[in-house]
1. Report those strands (runs of 3 or more DSSP E) wholly inside the range 1-118 carrying at least 2 residues which are touching a Phe, Trp or Tyr at 6+ places or on another chain (Cβ under 8 Å) and either hydrophobic (A, V, I, L, M, F, W, C) or under 23 Å from LEU148 (Cα atoms) (or both).
2. Would you check which residues across the range 109-119 are surrounded by 14 or more Cβ atoms within 10 Å (Cβ to Cβ) and either in contact with a helix residue (DSSP H, G or I) (Cβ under 7 Å, 6 or more places away or on another chain) or closer than 12 Å to VAL99 by Cα (or both) and list them?
3. Do we have LYS36 as surrounded by fewer than 15 Cβ atoms within 10 Å (Cβ to Cβ), out of contact with any Leu (no Cβ under 9 Å at 6 or more places or on another chain) and touching a residue at least 24 places away in the same chain (Cβ under 8 Å) here?
4. Is it true that PRO149 is assigned to a loop (DSSP other than H, G, I, E, B), at pLDDT below 95 and loosely packed, with under 14 Cβ neighbours inside 10 Å?
5. Look through VAL135, VAL122, VAL98 and report the one residue that is closer than 20 Å to ASP20 by Cα, surrounded by 14 or more Cβ atoms within 10 Å (Cβ to Cβ) and at pLDDT below 90.
6. Yes or no: VAL122 under 15 Å from the mean Cα position of the chain (by Cα), of a type outside the set (S, T, N, Q), in a strand (DSSP E or B) and under 18 Å from GLY47 (Cα atoms)?
Amino acid sequence: MTSSVPRALGRPAELLLVEDNEGDVLLTQIALKDCKVANRLHLAKDGEQALMMLRKEPPYTDHVTPDLILLDLNLPRKDGREVLTEIKRTPDLAKIPVVILTGSRADIDVIKSYELNANCYVVKPLDFQQLKEVVGSINDFWFSVVLLPPTAEGRE
């Protein structure tokens, strides 16, 4: 099976994964590759790096605006709740869908994430096959079902 470009975008999807756990990063990369959807995965290992990338601060001045952000809550330097708050209060970033992809099932984390305007909340499965299904569902939903707003790069 060959990779397919997301229909709604007409180009590879730009994903930003904000995750500090190297094992979770590797499993997510493999799961995305196995889903056969053309995407470009960018990685931020902590909240501060993610915000620098999103704001296109040096050394990320040429970084592309992502179509979707996969955000862990428990991050070093600046946690996912703080990152989500900054994203959703910044007009140029607020329209980017943010999927919370975390290990926490705590009601307070779910409630707080939605209060901070997360687009959805997904608990990381413990099993790799389930992770592939979750990642595939995220890709299918956000890049086949949903019509996303164009990014500045998409309009140029």
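1. Those strands (runs of 3 or more DSSP E) span 98-102.
2. VAL110, LYS112, SER113, LEU116, ALA118, ASN119
3. yes
4. Judged against the criteria, PRO149 is a match.
5. Of the residues listed, the single one that is closer than 20 Å to ASP20 by Cα, surrounded by 14 or more Cβ atoms within 10 Å (Cβ to Cβ) and at pLDDT below 90 is VAL135.
6. In short, no.
Table: residues versus (1) of a type in the set (Phe, Trp, Tyr); (2) closer than 18 Å to ALA50 by Cβ; (3) free of Cβ contacts under 8 Å to residues at least 24 places away in the same chain.
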| position | (1), (2), (3) |
| --- | --- |
| ARG77 | no, yes, no |
| LEU84 | no, yes, no |
| ILE100 | no, yes, no |
| TYR114 | yes, no, yes |
| ASN119 | no, yes, yes |
| PRO125 | no, no, yes |
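The values are calculated or read from the model by the stated rules, or taken from the named source; none is laboratory data. Keep in mind it's a predicted model, so treat the numbers as computed, not measured. With ideal geometry, Cβ positions are generated from the backbone for all residues, glycine too; neighbour counts draw on all protein chains shown.
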